[in-house]
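These notes concern the structure reproduced below.
The values are calculated or read from the model by the stated rules, or taken from the named source; none is laboratory data. If you're wondering where the values come from, they're calculated on a predicted model, not measured in any experiment. All Cβ positions, even for glycine, are placed from backbone atoms using ideal geometry, and neighbour counts span all protein chains on display.
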Amino acid sequence: MSNDSGNGKQGSGLKYVDEFRDRAKAQILVKEIGKLAADIPLAQQRPLQIMEVCGGHTHSIFRYGIEGMLPKSVELVHGPGCPVCVLPMGRVDDCVAIAERPDVIFTTFGDAMRVPGSRKSLSQAKADGADVRVVYSPMDALALACKNPEREVVFFGIGFETTMPSTALTVLQAERDGITNFWVFCNHITIVPTIKAILDSPDLALDGFLGPGHVSMVTGPAPYEFIARFYRRPMVISGFEPLDVLQSIWMVLRQIKEGRCEIENQYARIVPEAGNAAALKAVGQVYELREFFEWRGLGSIDHSGVKMREAYARFDAERRFAVPNVKITDPQSCQCGEVLKGAIKPWQCKVFGSACTPETPLGALMVSSEGACAAYYQYGGKRTGEAAAAEAETA
Amino acid sequence: MCLGIPGRIVTIDNADDMVATVDVCGIRRKINICCVVDDEHPVASCVGDWVLVHVGFAMSRIDAEEAAETLKILEELGEAQAELETMQASEALSEAAE
């Protein structure tokens, strides 16, 4: 299970990966980034702020110490692209309420087990006797439903467009197989309205974006066009290797220097122009946009989530189990929202590393390795450096 | 969840449901391949292909070099082992419920 592996790894995880493929190439890129930044007038007044939207990028950036390689005039802002981190407490409470029903087997990805609800996490619910099982794939949940016809098997569907097709295709499979005891609790979210909400936020000064790699693999680059066209910000869709990330940062800077605002695709080896047709078809068939969806730390964002279409109501856990769906305010001491928007750095949060740690997370950003706070805590940020590392070592 | 893991398609188990057995670092499990199948790549032609697997679904066809590099970075990120453990544990859970 996800929480079993955390402690043992922490010691070794504190060190950056010292050697990665083509270190010489990385050094050349870092040098070029420095040259470009020195040539951008704005960067002489204040650091340029580039947001990586995707949690996978956040993880990679910390693991390889990429922030530390960059000149002072280029800063990375860690965005909301970790689906576990933006899960609001109310939705966790709904999961627990469903999971505690004696007729239910509740299945979930391991990442979601430790996200705090207002009463308890799924992990605590399991300890208290609820039948909660970690599965690798929604197809495993469907297999459980086939094997346990007397139980109601619920799969907790979370994630952006990367995982959305997998639950949609599983529902279509359940329909073909005539399964009647399989349900999806759909909490899938979509990144574009959230980027828009961030761009509309008054306390934010972003100069460009690293676009998500595997969301874009499904959607293609087209949905981001508005960022360049209407908000006049450059975006480069990026791969996850350190060289990918460095090259993408360089491409964003080059756009800024040349006064261009475009959606460029550094990750073309995985991200096709049209996205993935089969995946998009399944998503469109099963899901439709919600009017709004609640995000931890960011509040309610219009059209930022999907729900199951009427035609698939018989697989919709939300209709079947009448979930409480109560809005729970984030803990007051917690500043996840400000961190998500880049208004403050994780280490500037009042409870970072004291009341809120990876072992006892208050806010969701501390739960997942893709969350900015857990990453800072584990690897130490550019500025927290030794202090956070020392603290984690003694923990 | 978001990074996926490379695997190689070994056999086609069910051409109608587009289910194949994929080898991921020596672990074999059933994967849905419908997102990498199209007119140019019919089901039967997929055996031997490297794919990027996300939560039980092949989402992208990749070349062998890309697969090796991706696996290396997943190992360095500490994600490869976690993913493989989840894969195996999940299978065990499904079978234990028999």
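Regarding the stretch A:106-126, can at least one residue be identified that is farther than 19 Å from A:ILE328 by Cβ, among the aliphatic types (A, V, I, L, M) and either part of a strand (DSSP E or B) or touching an Asp or Glu at 6+ places or on another chain (Cβ under 8 Å) (or both)?
Scanning the stretch A:106-126 turns up no residue that is farther than 19 Å from A:ILE328 by Cβ, among the aliphatic types (A, V, I, L, M) and either part of a strand (DSSP E or B) or touching an Asp or Glu at 6+ places or on another chain (Cβ under 8 Å) (or both).
Inside the stretch B:69-82, can you point out the residues that are in contact (Cβ under 8 Å) with a residue 40 or more places away in the chain and either within 15 Å of the chain's Cα centre (by Cα) or within 15 Å of B:ILE27 (Cβ to Cβ) (or both)?
B:THR70, B:LEU71, B:LEU74, B:GLU79, B:ALA80
Output yes when any residue across the stretch A:191-204 is within 14 Å of another protein chain (Cβ to nearest Cβ), free of Cβ contacts under 8 Å to residues at least 40 places away in the same chain, assigned to a loop (DSSP other than H, G, I, E, B) and out of contact with any helix residue (DSSP H, G or I) (no Cβ under 6 Å at 6 or more places or on another chain), and no when none is.
The answer is no; no qualifying residue exists.
Is it the case, given these coordinates, that B:ALA67 is modelled with pLDDT of 90 or more and closer than 16 Å to A:ILE270 by Cα?
So B:ALA67 fits the description; yes.
Which ones in the stretch A:312-343 are of a type in the set (A, V, I, L, M, F, W, C), touching a residue at least 24 places away in the same chain (Cβ under 8 Å) and exposed (fewer than 14 other Cβ atoms within 10 Å of the Cβ)?
A:VAL326
Just to be sure before I move on: is A:ARG269 surrounded by fewer than 22 Cβ atoms within 10 Å (Cβ to Cβ), over 22 Å from A:ILE191 (Cα atoms), without any contact (Cβ under 8 Å) to a residue 40 or more places away in the chain and not hydroxyl-bearing (Ser, Thr, Tyr) in the structure I sent?
Against the criterion (surrounded by fewer than 22 Cβ atoms within 10 Å (Cβ to Cβ), over 22 Å from A:ILE191 (Cα atoms), without any contact (Cβ under 8 Å) to a residue 40 or more places away in the chain and not hydroxyl-bearing (Ser, Thr, Tyr)), A:ARG269 does not qualify.
Considering only residues that are surrounded by 17 or more Cβ atoms within 10 Å (Cβ to Cβ) and among the charged types (D, E, K, R), look in the stretch B:70-93 and name the one that is modelled with the lowest pLDDT.
Filtering first and then ranking leaves B:GLU91.
Which one is surrounded by the fewest Cβ atoms within 10 Å (Cβ to Cβ), of the residues in the stretch A:212-236 that are in contact with a Phe, Trp or Tyr (Cβ under 6 Å, 6 or more places away or on another chain) and closer than 25 Å to A:GLU338 by Cβ?
Across the stretch A:212-236, the extreme among qualifying residues is A:VAL215.
How many residues does the stretch A:344-377 contain that are part of a helix (DSSP H, G or I) and touching a Lys or Arg at 6+ places or on another chain (Cβ under 9 Å)?
Residues flagged as part of a helix (DSSP H, G or I) and touching a Lys or Arg at 6+ places or on another chain (Cβ under 9 Å) within the stretch A:344-377 amount to 6.
Based on what the data block shows, is A:PHE155 surrounded by 19 or more Cβ atoms within 10 Å (Cβ to Cβ), in contact with a Lys or Arg (Cβ under 9 Å, 6 or more places away or on another chain), in contact (Cβ under 8 Å) with a residue 12 or more places away in the chain and not in a helix (DSSP H, G or I)?
no
Mind listing just one residue for me: the one in the stretch B:21-37 that is more than 9 Å from every other protein chain (Cβ to nearest Cβ) and within 18 Å of B:GLN88 (Cβ to Cβ) and, of those, surrounded by the fewest Cβ atoms within 10 Å (Cβ to Cβ)?
Within the stretch B:21-37, the first condition is being more than 9 Å from every other protein chain (Cβ to nearest Cβ), and the residues that meet it are B:21-28, B:33.
Retained after the next criterion (residues that are within 18 Å of B:GLN88 (Cβ to Cβ)): B:21-28.
Details: B:THR21: 16, B:VAL22: 26, B:ASP23: 15, B:VAL24: 19, B:CYS25: 15, B:GLY26: 6, B:ILE27: 15, B:ARG28: 15.
My answer is B:GLY26.
Taking the options A:ILE256, A:ILE237, name whichever one is at pLDDT 95 or above and in contact with a Ser or Thr (Cβ under 6 Å, 6 or more places away or on another chain).
Criteria check complete, one pass: A:ILE237.
Inside the stretch A:228-343, counting only strands (runs of 3 or more DSSP E) that do not spill past its ends, which hold 1 or more residues that are of a type in the set (Phe, Trp, Tyr)? Break it down stepwise before answering.
On the way: elements: A:235-237, A:263-265, A:287-289, A:292-295, A:299-302, A:306-308.
Hits in the stretch A:228-343: A:287-289, A:292-295.
Residue by residue, here is whether (1) more than 14 Å from every other protein chain (Cβ to nearest Cβ); (2) at pLDDT below 95 holds:
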{"residue": "A:ILE66", "(1), (2)": "no, yes"}
{"residue": "A:LEU76", "(1), (2)": "yes, yes"}
{"residue": "A:CYS82", "(1), (2)": "no, yes"}
{"residue": "A:CYS85", "(1), (2)": "no, yes"}
{"residue": "A:ASP94", "(1), (2)": "yes, no"}
{"residue": "A:ILE105", "(1), (2)": "no, no"}
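When the residues of the stretch B:42-67 are narrowed to those that are out of contact with any helix residue (DSSP H, G or I) (no Cβ under 8 Å at 6 or more places or on another chain), outside any loop (DSSP other than H, G, I, E, B) and in contact (Cβ under 8 Å) with a residue 12 or more places away in the chain, which ends up surrounded by the most Cβ atoms within 10 Å (Cβ to Cβ)?
The residue in question is B:VAL53.
Please specify each residue of the stretch A:164-209 satisfying the condition of being surrounded by 17 or more Cβ atoms within 10 Å (Cβ to Cβ), more than 27 Å from A:VAL339 (Cβ to Cβ) and of a type in the set (Gly, Ala, Ser).
Those that are surrounded by 17 or more Cβ atoms within 10 Å (Cβ to Cβ), more than 27 Å from A:VAL339 (Cβ to Cβ) and of a type in the set (Gly, Ala, Ser): A:SER166, A:ALA168, A:ALA174.
For the list (1) in a strand (DSSP E or B); (2) closer than 26 Å to B:LEU74 by Cβ; (3) among the β-branched types (Val, Ile, Thr), I need the number of the one condition that A:VAL184 fails.
(2)
Looking at (1) surrounded by fewer than 24 Cβ atoms within 10 Å (Cβ to Cβ); (2) among the hydrophobic types (A, V, I, L, M, F, W, C); (3) farther than 23 Å from B:ASP17 by Cβ, which is the only condition A:CYS146 fails?
Every listed condition holds for A:CYS146 apart from (3).
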